[in-house]
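Nothing in this text is a laboratory measurement; each read-out follows from the coordinates by a stated rule. Everything numeric here is computed off the predicted structure, so don't read it as measured data. Methodologically, a virtual Cβ is constructed for each residue, glycine included, from the backbone with ideal geometry; neighbour enumeration extends over all protein chains shown.
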Amino acid sequence: MTIIADSLQAIQANIHAALTAAGRKDNVQLLAVSKAQSADKLRNAYLAGQRAFGENYVQEAINKQQQLSDLNIEWHFIGPIQSNKTQLIAQHFDWVHSVDRLKIAERLSNARSPSLPPLNVCIQINSSEEATKSGASLAETIALANAINTMPNLILRGLMAIPAPANDYATQCAQFKIVHTAFKNLQQQGFAIDTLSIGMSEDYVAAIHEGATIVRIGSALFGARSIPA
């Protein structure tokens, strides 16, 4: 537990320093990416103060949710969404960051029980326009956002993106700026969004500089994966 607690404290300090350097007065939420991490590691992170966890694989996440049902965890789904998994995702998560097409949004809304709070969703955009990467194109984003706003069991919270990897800070910032511009454009179009989910272990400082409100941190917090991928 001490290693995870120390890592969590260090990351939070880095987030605070990045906010200060960017001249920002708001906060950034740390989302602990717990894909392929054991339930014991998640419990240790929770005991150290972490409350929001992001998972990529539905059944792995549900298994951990059952093991950790005594904890008040906010569960985020952040992986690619297969159509046949939408019902489970809609039933077992508080947030979905990776809505990238109309069909998925419709299925999530239809599968979300009215007895549950509306599902918080982000549109995943393919800001780098990579052929192998999931995400709506920048041109498709407004139409998809309009459609989601009509769905009774979803709340559109913002955008998520995973830009192409870059080693230098300037390139990271330039890529995140594209996503932030798309986010501001939606706000200017009248969408009441507040979430920009960008930045991971290798580039979250640049993401914070460019307006991230959620950073998704896995390896820097948990270390090596403890469940085979």
For region 176-189, in order, what is each residue's ³J(HN,Hα) by Karplus, 6.51 cos²θ - 1.76 cosθ + 1.60 with θ = phi - 60°, in whole Hz (x at glycine and Pro)?
-> 5, 4, 4, 5, 5, 5, 5, 4, 5, 4, 4, 4, 5, 7
Can you put 74, 129 in order, fewest other beta carbons within 10 Å first?
-> 129, 74
Taking the Cα centre of region 48-179 as origin and charging only Cβ (+1 Lys, Arg; -1 Asp, Glu), how large is the dipole, in debye to the nearest 20?
-> 240 debye
Stretchable slack from residue 6 to residue 150, in nm (0.36 nm times residue separation minus alpha-carbon distance) = 47.5 nm
So what is the relative contact order for the chain, in percent, with contacts set as C-alpha pairs under 8 Å and at least six apart?
-> 22 percent
When 122, 173 are ranked with the fewest other C-beta atoms within 10 Å first, the list becomes 173, 122
Kindly identify region 110-175 as rounded, prolate or oblate by the Cα gyration tensor criterion: order the square roots of the eigenvalues as a ≥ b ≥ c, call it rounded if a/c is under 1.5, otherwise compare a/b with b/c, prolate if a/b is larger, else oblate.
-> prolate
Taking other Cβ within 10 Å of each residue's Cβ, how do 181, 20, 195 sort, fewest first?
-> 20, 181, 195
Using 0.36 nm per residue of separation minus the Cα-Cα distance, give me the extension gain between residue 59 and residue 25 in nm, one decimal.
-> 8.4 nm
Return the single residue from 218, 199, 190 with maximal mean-square fluctuation; model: Gaussian network over the chain, springs between Cα atoms under 10 Å.
-> 190
How far, in nm, would the chain grow between residue 38 and residue 224 when pulled straight, counting 0.36 nm per residue and subtracting the alpha carbon separation?
-> 65.9 nm
J(HN,Hα) series, region 151-166, from Karplus relation 6.51 cos²θ - 1.76 cosθ + 1.60, nearest Hz, glycine and proline x = 8, x, 10, 10, 10, 6, 9, x, 10, 10, 8, 10, x, 4, x, 9
